[in-house]
1. Go through the residues of the stretch 106-115 one by one and say whether even a single one is at pLDDT 95 or above, part of a loop (DSSP other than H, G, I, E, B) and within 17 Å of the chain's Cα centre (by Cα).
2. State whether the residues of the stretch 66-83 include one that is touching a residue at least 60 places away in the same chain (Cβ under 8 Å) and of a type outside the set (Asp, Glu).
3. Taking Val84 and the conditions (1) away from the ligand (no atom under 16 Å from the Cβ); (2) crowded, with 18+ Cβ neighbours inside 10 Å; (3) at pLDDT 95 or above; (4) closer than 24 Å to Gly43 by Cα, which numbered condition does it fall short on, given that it satisfies the others?
4. Could you say whether any residue in the stretch 131-138 is over 16 Å from the mean Cα position of the chain (by Cα) and within 15 Å of Arg83 (Cα to Cα)?
5. Select from the stretch 43-65 the residues that are in a loop (DSSP other than H, G, I, E, B) and touching a helix residue (DSSP H, G or I) at 6+ places or on another chain (Cβ under 7 Å) and write down the one among them that is surrounded by the fewest Cβ atoms within 10 Å (Cβ to Cβ).
6. Got at least one residue in the stretch 98-106 being more than 26 Å from Ser45 (Cβ to Cβ), near the ligand (Cβ under 9 Å from one of its atoms) and surrounded by 17 or more Cβ atoms within 10 Å (Cβ to Cβ)?
Amino acid sequence: MMSEQKLPADIREHIDHWLLRYPPEQKRSGVFEALRVVQERNGGSLTTEWMDAVADYLGIPHIAVYEVATFYSMYFLHPVGRRVIDVCNNVSCALNGADEIVGHLKKRLNIDVNETTTDGKFTLREVECLGACTAAPVCQIGKKYYEHLTIEKMDEILNHGE
Ligand code: FES
């Protein structure tokens with residue numbers, strides 16, 4: 001069944017352009033980019049309606065899109081702050097003080113993990129290894145990695161973007 005939500009023309013064009021990179025039978029390859037632009041358009045997170053619209057446009061099952069959206073941490077299924085702070089909590093980072101960083105962030109932002117500040121500026125998450133273990137502890141905000149974190153460094157990062 002077609003969803004209520006339809007993709008706007010400019011997004012459809014963007015996806016079409018993107019799909020030119022792939023053979024016609026590999027329409028699924030467009031899911032990642034389609035979800036990225038849709039998420040951006042929707043203010044930083046995805047809804048079922050938008051995911052269904054992507055699936056309908058690509059002609060693939062809705063579930064296939066949900067699977068991608070729930071598996072990859074760059075997609076958000078709930079509204080998030082303008083800056084999402086992903087702090088790695090895997091072994092190297094945990095051994096090098098990731099807990100203190102998270103504790104400090106919780107206190108300073110007055111939120112828990114997986115929550116967003118009331119002003120909508122920040123969302124805090126704990127994530128699996130970000131692949132920069134030698135620079136532990138590490139966090140990612142948007143596309144940028146911040147390494148060898150300390151509480152002071154974290155404060156500077158927050159002050160910079162506030
Ligand atoms: S353990 Fe934190 S980046 Fe790998």
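The values are calculated or read from the model by the stated rules, or taken from the named source; none is laboratory data. Keep in mind that this is a model prediction, so the values were computed, not measured. When we count neighbours, we look across all protein chains shown, and the Cβ atoms used for this are built from the backbone with ideal geometry, even at glycine.
1. Scanning the stretch 106-115, I find at least one residue that is at pLDDT 95 or above, part of a loop (DSSP other than H, G, I, E, B) and within 17 Å of the chain's Cα centre (by Cα), so the answer is yes.
2. Yes, because at least one residue in the stretch 66-83 is touching a residue at least 60 places away in the same chain (Cβ under 8 Å) and of a type outside the set (Asp, Glu).
3. (3)
4. No, the stretch 131-138 contains no residue that is over 16 Å from the mean Cα position of the chain (by Cα) and within 15 Å of Arg83 (Cα to Cα).
5. Among them, the one singled out is Gly59.
6. no
Conditions (1) surrounded by fewer than 18 Cβ atoms within 10 Å (Cβ to Cβ); (2) within 14 Å of the ligand (Cβ to nearest atom); (3) in a helix (DSSP H, G or I); (4) not hydroxyl-bearing (Ser, Thr, Tyr), marked per residue:
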{"site": "Cys93", "(1), (2), (3), (4)": "no, yes, yes, yes"}
{"site": "Asp119", "(1), (2), (3), (4)": "yes, no, no, yes"}
{"site": "Gly131", "(1), (2), (3), (4)": "yes, yes, no, yes"}
{"site": "Pro137", "(1), (2), (3), (4)": "no, yes, no, yes"}
{"site": "Gln140", "(1), (2), (3), (4)": "no, yes, no, yes"}
{"site": "Glu152", "(1), (2), (3), (4)": "yes, no, yes, yes"}
{"site": "Ile157", "(1), (2), (3), (4)": "yes, no, yes, yes"}
